[in-house]
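A short worksheet on the structure shown next.
Read-outs throughout are calculated quantities, based only on the coordinates presented, and are distinct from any laboratory measurement. From a predicted model like this one, the values you see are computed outputs, not experimental measurements. Here the Cβ is made from the backbone with ideal geometry for all residues, glycine too, and neighbour counts use every protein chain on show.
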Amino acid sequence: MDLTFLSSMFQSILKGLPLTLNLWVLSLLGGGCLALLLNLMRQSRIGAAVAGSYVFLFRGTPLLIQIFMIYYGLAGFGFIRQSFLWPFLREPYWCGLLALILNDAAYTSEILRGGLRAVPKGAVEAGRVSGMSRVAILRRITLPLAIRQALPAYSNEIISMLKATALVSTITLMDMTGIARAAISETWRAVEILLCAAVIYLAISMLVTRASAWAEARLSPWQFGRTTP
Amino acid sequence: MGDIGLLGFGPDGWGLVLFRAGLMTLAVSVAAFLCGLMLGTLVAWGRVAGNGPVRALAEGYTVVLRGVPDILVIYLFYFGGRQVVAAIGTALGFPGPFDISGFVAGMLAIGLISGAGQSEVLRGAYQAVPKGTIEAGRVVGMGRLTLFRRVIAPQAMTTALPGMGNQWQSVIKESALVSVTGLVETMRQVSVAAGTTQEHFLFYAAGAVIYLIITTLSDQLFRLAEKRSLRGHHGAGF
Amino acid sequence: MNITRSTFLRAGLAAAATLASGVPLFAQGKKLVFATEGAFPPFNMTKPDGTLYGFEMDMLAEIAKRAGFEYELISQAWDGMIQGLIDGKYDAVIDSVTITEKRLEVVDFALPYTTGGSTFAVLKESGVELPGGGTSVDLDDEAATEAAIAAIAAVLEGKTVGVHVSTIQADFLEKYLAPRGVTIRTYPNGPDVYQDLTNGRLDAAMASVTNISAFLEKNAETAATTGPAFAGGVMGRGAAIVVQKGNAELADKISAAMKSMSDDGTLEAMSQQWFGINVTPKL
């Protein structure tokens with residue numbers, strides 16, 4: 001193994017870390033908000049149908065095809081290039097982020113739905129009896145319970161999104177994978193380069209796993225002392 | 001917007017090749033899922049029943065595959081896997097060159113990724129089997145194999161089915177990444193069609209529909225299986 | 001449960017078996033295998049029935065006839081293209097691959113079939129116009145290069161230029177224009193550069209004169225070439241058929257056939273047919 005090459009490769013791949021982190025965090029935030037919205041929509045029948053079809057479409061197709069549809073597909077329409085959206089859709093960054101947000105929202109909304117379903121009716125009724133408003137019930141009872149319930153599944157989703165950001169390299173973005181791919185077609189030392197990138201992703205995802213185990217333990221004081229799986 | 005006739009089945013339509021590419025996606029997904037099932041079972045077993053080193057190996061495998069982007073795993077497999085195959089082949093005294101087809105490479109790469117997810121599901125399902133039933137089996141004198149076949153597997157299967165359904169869906173979507181291996185599946189075929197005709201939206205949309213058909217139909221199959229496996233739990237059944 | 005699972009399994013295996021048998025097994029028999037991308041008009045394209053066609057396919061057919069070998073064409077995504085060649089998955093690559101020093105370290109090339117030299121393309125509606133159109137700048141002439149670059153950079157500063165990743169054009173842009181405030185965007189696939197230029201995502205695209213001409217042939221109404229053609233130095237070579245490192249036998253065979261095609265005008269005629277102009281060098 002060529003240590004000089006490896007360390008210089010590490011350094012150049014790490015230059016893509018800010019973009020990877022940026023896309024990761026923003027897509028989780030955007031996707032989370034949209035997921036919440038989708039779940040609120042589910043209260044009306046039409047809203048439920050819309051949310052259902054949305055989830056169906058985005059969970060049933062590969063993220064790569066969603067990215068290409070947004071990046072190359074939408075740009076083929078003249079009216080989109082004329083519209084106010086074009087300044088955003090013109091940039092690969094916004095296209096990539098949009099695809100990641102839309103994709104994450106579909107998965108997160110299902111996770112949240114599972115969490116919401118697990119909220120005991122009695123807890124909500126108790127809130128209503130004590131005179132809490134609907135918003136207060138949502139904020140102080142339903143969401144905290146649902147989020148705690150959804151946490152294990154959501155920590156998986158967080159890691160999935162980290163991995164998903166790697167696909168934006170297909171639309172010219174120079175995230176860590178983008179830099180690695182460019183370096184491969186430059187030097188053809190694929191295995192070393194890929195391993196460098198893999199190690200960085202792995203380190204981040206292990207941090208997330210640790211952090212989420214810690215959060216789960218903290219949010220379940222009644223389970224304190226039990227070993228978390 | 002493009003000419004919808006491009007998707008037809010005539011001599012100038014891409015319908016037939018897209019249909020074939022869809023079948024290829026299905027075929028490589030099924031093969032990869034089975035690969036992942038074997039690997040996942042082995043790894044789950046290693047994590048539950050293995051000794052120290054075996055367990056560490058199994059845990060390491062799941063941690064790594066869970067944390068590295070699929071596209072990097074597939075690239076690593078493609079670029080590095082051949083070197084490994086060649087090294088093993090040479091060591092065993094076979095003359096080169098060594099080659100694995102795009103289908104096999106794609107199947108193994110996705111199987112490797114899926115194996116990690118499947119092992120998690122299977123391990124969870126195994127742990128959910130009530131210990132009492134295993135003890136009961138032991139008391140009536142069942143051997144380990146019988147115990148697994150008649151007590152553990154049927155119960156674990158029921159718990160595992162929804163999770164395995166999700167794993168299957170992931171496999172289908174991961175198969176969209178294997179075009180680097182040279183396999184002409186749906187994603188690669190729509191890219192070629194989009195590049196040749198310059199009708200990007202039309203063909204990516206067509207690709208999306210193909211994936212939706214596959215995911216929806218197979219989802220129905222899994223639900224049916226789930227329903228059947230739950231028969232015992234609801235008494236009368238259907 | 002059992003029934004569902006085994007039926008499912010059997011159906012899957014049957015499908016796998018049928019389709020796997022359709023997958024060609026490479027490196028067998030005497031037929032040479034050539035790989036191409038099949039999505040780079042007009043060099044190589046794919047018909048709906050899967051047949052590959054285009055300038056390179058016609059040229060290859062003629063080369064094979066003259067050199068006396070049988071061959072088979074397969075389609076492969078660009079990402080794994082060179083690796084597949086190194087691994088012996090196929091014998092040669094014909095995909096408008098430009099000759100570069102880095103590539104020469106791992107593979108060998110036959111004689112080039114496009115002229116060296118690179119230039120820019122822009123959309124007419126963008127109003128971007130580079131100075132020095134119609135002239136040629138020799139990169140070995142430092143003073144002339146410096147002057148031409150300064151003039152171009154003045155127009156392109158703050159704008160985005162697209163280029164195929166790890167090509168001589170990409171190196172050129174990184175070296176000369178990136179330090180002068182021009183944003184360089186590299187694409188994993190060559191054809192996508194033109195797609196994004198057409199869509200208005202790029203202010204300009206840089207590629208070999210050949211590729212730009214091919215693009216303009218189909219988009220003459222909306223796009224135009226602009227600025228000087230850069231030649232000499234690193235730009236001095238065109239695209240060629242790629243063979244495995246050390247496979248001089250195949251490279252020589254191909255080169256000899258191409259030489260004779262160049263001599264009797266066949267190559268030029270093919271170029272006229274597909275590009276509307278002659279993009280091929282005198283071999």
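Given the Cα-Cα distance of B:ILE4 and B:ALA87 and 0.36 nm per residue of separation, how much length would full extension add, in nm? Working shown, then result.
Values: separation 83, 0.36 × 83 = 29.88 nm, distance 4.92 nm.
Additional length available on full extension: 25.0 nm.
Across the stretch C:142-283, how many lysine pairs, 8 or more apart or on two chains, come within less than 22 Å at their alpha-carbon atoms? If you can, show how the numbers build up before the last one.
Values: C:LYS159/C:LYS175; C:LYS245/C:LYS253; C:LYS245/C:LYS259; C:LYS253/C:LYS282; C:LYS259/C:LYS282.
The number of close lysine pairs in the stretch C:142-283 is 5.
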Aspartates and glutamates whose Cα lies under 13 Å from that of A:LYS163, excluding same-chain neighbours fewer than 8 positions away: A:ASP104, A:ASP175, B:ASP70, B:GLU174
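Report the FRET efficiency, 1/(1 + (r/R0)^6), for A:LEU36 and A:ALA217, where r is their Cβ-Cβ distance and R0 is 22 Å, rounded to 0.05.
Values: r = 25 Å, r/R0 = 1.14.
The calculated FRET efficiency here is 0.30.
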Per-residue ³J(HN,Hα) for the stretch A:4-16, Karplus 6.51 cos²θ - 1.76 cosθ + 1.60, θ = phi - 60°, Hz, x for Gly and Pro: 4, 4, 4, 6, 6, 5, 3, 4, 6, 5, 4, 5, x
Loop-located GluC sites (Glu not before Pro) in the stretch C:96-138, at most 11 other Cβ atoms within 10 Å (DSSP): C:GLU105
Residue list for the stretch A:187-212, given a label point 7 angstrom along the Cα-to-Cβ vector of A:LEU17 and an amide N cut-off under 20 Å: A:192-212
Whether the protein assembly as shown is rounded, prolate or oblate, judged on the alpha carbon gyration tensor where a/c under 1.5 counts as rounded: prolate
³J(HN,Hα) computed for each position of the stretch A:100-107 - Karplus, 6.51 cos²θ - 1.76 cosθ + 1.60, integer Hz, glycine/proline x: 5, 4, 4, 5, 4, 4, 4, 5
Sequence-distant residues sharing a close amide H with C:LYS159 (under 5 Å, placed H): C:THR183
Along principal axes, Cα extents of chain C, largest first, whole Å: 72, 54, 36
For the stretch A:96-165 versus the stretch C:76-100, the gap between their alpha-carbon centres in whole angstrom: 48
Long-range amide H partners of C:GLY200 with built H, under 5 Å: none
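With +1 on each Lys and Arg Cβ and -1 on each Asp and Glu Cβ, and nothing else charged, work out how big the dipole of the stretch A:3-220 is about its Cα centre, in Debye to the nearest 20.
On the way: 19 positive and 9 negative charges, 166 e Å.
Roughly 800 debye, rounded to the nearest 20.
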Computed label-point distance, nm, for sites C:GLU174 and C:ALA248 using a 7 Å Cα→Cβ extension: 3.1
For the stretch C:90-98, 3J(HN,Hα) per residue [Karplus equation, 6.51 cos²θ - 1.76 cosθ + 1.60, θ = phi - 60°, Hz, x = Gly/Pro]: 9, 8, 7, 10, 10, 8, 6, 7, 6
Beta bridge orientation in chain C: antiparallel %, DSSP, nearest 5: 55
FRET E, pair B:LYS227, C:LYS31, Förster distance 60 Å, beta-carbon r, rounded to 0.05: 0.70
Cα gyration tensor shape for the stretch B:4-229, rounded if a/c is under 1.5, else prolate or oblate: oblate
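Could you give the dipole magnitude of chain B about its Cα centre, charging the beta-carbon of Lys and Arg +1 and that of Asp and Glu -1, in debye to the nearest 20? Before the final figure, lay out each step's value.
Working: 17 positive and 12 negative charges, 249 e Å.
Around 1200 debye, computed over chain B.
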Estimated distance in nm for a label pair at B:VAL48 and C:ASP140, the labels positioned 7 Å out from Cα along Cα-to-Cβ: 7.3
Residues of the stretch C:245-283 with amide N under 15 Å of a point placed 7 Å along Cα→Cβ from C:ALA220: C:272-278
Inter-label distance, nm, simple model (7 Å from Cα along the C-beta direction), A:ALA136/C:LEU104: 7.9
Distant-in-sequence amide H partners of C:VAL137 (H built 1.01 Å from N, under 5 Å): C:ALA229, C:PHE230, C:ALA231
Rounded if a/c under 1.5, otherwise prolate or oblate - chain A, Cα gyration tensor axes: oblate
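If one computes P(r) from the Cα atoms of the stretch A:30-127, what percent of pairs lie at distances over 19 Å?
Numbers: 2485 of 4753 pairs.
Across the stretch A:30-127, Cα pairs with separations above 19 Å total 52 percent.
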Reciprocal mean inverse distance between Cα atoms of the stretch C:118-235 - Kirkwood radius, Å: 13.9
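Would you compute, from DSSP H runs of 4+ residues alone, the mean residue ellipticity of the protein assembly as shown at 222 nm, taking -39500 (n - 2.57) per run and dividing by the full residue count, rounded to the nearest 500? The partial results should precede the final answer.
Numbers: 31 runs with 457 residues, N = 750.
The helix contribution divided over the protein assembly as shown gives -20000 deg cm²/dmol.
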